[in-house]
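Step one of this worksheet: look at the structure below.
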Amino acid sequence: MEISNASLLDEATGAAEGMVMAFIASNQKKRTFFIDEHVLPQTISVLRTRAKGFGINLVVGDVFADLSEEAARKDICGVLVQYPDINGTITDYTSMVESVHASGGLVVCATDLLALTMLKPPGEWGADIVVGNSARFGVSLGYGGPHAGFFACTDKLKRKMPGRLIGRSKDAAGKPAYRLALQST
């Protein structure tokens, strides 16, 4: 992916932000967000809660069977898949991504960073947004809460990206300095 940050609470929160980005990218005209049935249950739970406030309709089902017809994708602003899924299955989503993009929707992928050291990255098969957490790298819990969540997206979506991006610059004396480069509203 072209741009990423790690300032979200966890993977489920990142998926919820991805859902909202997909909804906003459709100019709030497409109100259905599709979740593959093999996504982690805690993620689905967070999405259900977040969708209520935006009036987004959630549909949980088989991403290949239920979205095979163009009519089924008509009101879809986005789709969430898990890679590898809850059963550890590694699926090639390329054809599904192409059909969702052809219908004007975005694809969000919840993933495992450690698994991606061996798998084809979601950006290479067309995902628009990729989310996950840092737990697999032994990052300790912050203040008793979940692990840091990451959020990555394509360059065209960067201005709608949640969280903060920190840039490296130079101060007046020419020494390295860090600054808030981008924060979404």
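Residues that are under 19 Å from LYS160 (Cα atoms), surrounded by 14 or more Cβ atoms within 10 Å (Cβ to Cβ) and under 13 Å from the mean Cα position of the chain (by Cα): does segment 50-70 have at least one? No, the conditions are met nowhere in segment 50-70.
Within segment 143-185, being under 24 Å from GLY132 (Cα atoms), modelled with pLDDT of 75 or more and of a type in the set (Lys, Arg) holds for LYS156, LYS158, ARG159, LYS160.
I need a count of the residues in segment 1-34 that are among the β-branched types (Val, Ile, Thr) and crowded, with 19+ Cβ neighbours inside 10 Å. Don't jump to the end; show me each part of the working.
First pass over segment 1-34, keeping only residues among the β-branched types (Val, Ile, Thr): 3, 13, 20, 24, 32.
Subsequent filtering for residues that are crowded, with 19+ Cβ neighbours inside 10 Å retains 13, 20, 32.
Matching residues across segment 1-34 total 3.
For segment 128-138, enumerate the residues that are among the small types (Gly, Ala, Ser) and free of Cβ contacts under 8 Å to residues at least 40 places away in the same chain. It would help to see each step written out before you state the result.
Start the filter on segment 128-138 by keeping residues that are among the small types (Gly, Ala, Ser), which leaves 132, 134-135, 138.
Correct list: ALA135, GLY138.
Screening LEU47, LEU67 for residues that are farther than 15 Å from GLY18 by Cβ and in contact with a helix residue (DSSP H, G or I) (Cβ under 6 Å, 6 or more places away or on another chain) leaves exactly one candidate, LEU67. Take the residues in segment 94-126 that are more than 17 Å from the chain's Cα centre (by Cα) and more than 21 Å from PHE34 (Cα to Cα); name whichever of them is surrounded by the most Cβ atoms within 10 Å (Cβ to Cβ). The qualifying residue surrounded by the most Cβ atoms within 10 Å (Cβ to Cβ) is LEU119.
Quick one: is GLY132 within 15 Å of THR43 (Cα to Cα) and either in a helix (DSSP H, G or I) or at pLDDT below 95 (or both)? So GLY132 fits the description; yes. Looking at segment 1-98, none of the strands (runs of 3 or more DSSP E) lying wholly inside it contains 3 or more residues that are at pLDDT 95 or above and more than 18 Å from CYS109 (Cβ to Cβ).
The values are calculated or read from the model by the stated rules, or taken from the named source; none is laboratory data. As the structure is a computational prediction, the values presented were derived from the model and not from experiment. Neighbour counts run over all protein chains shown; Cβ positions are idealised from the backbone, glycine included.
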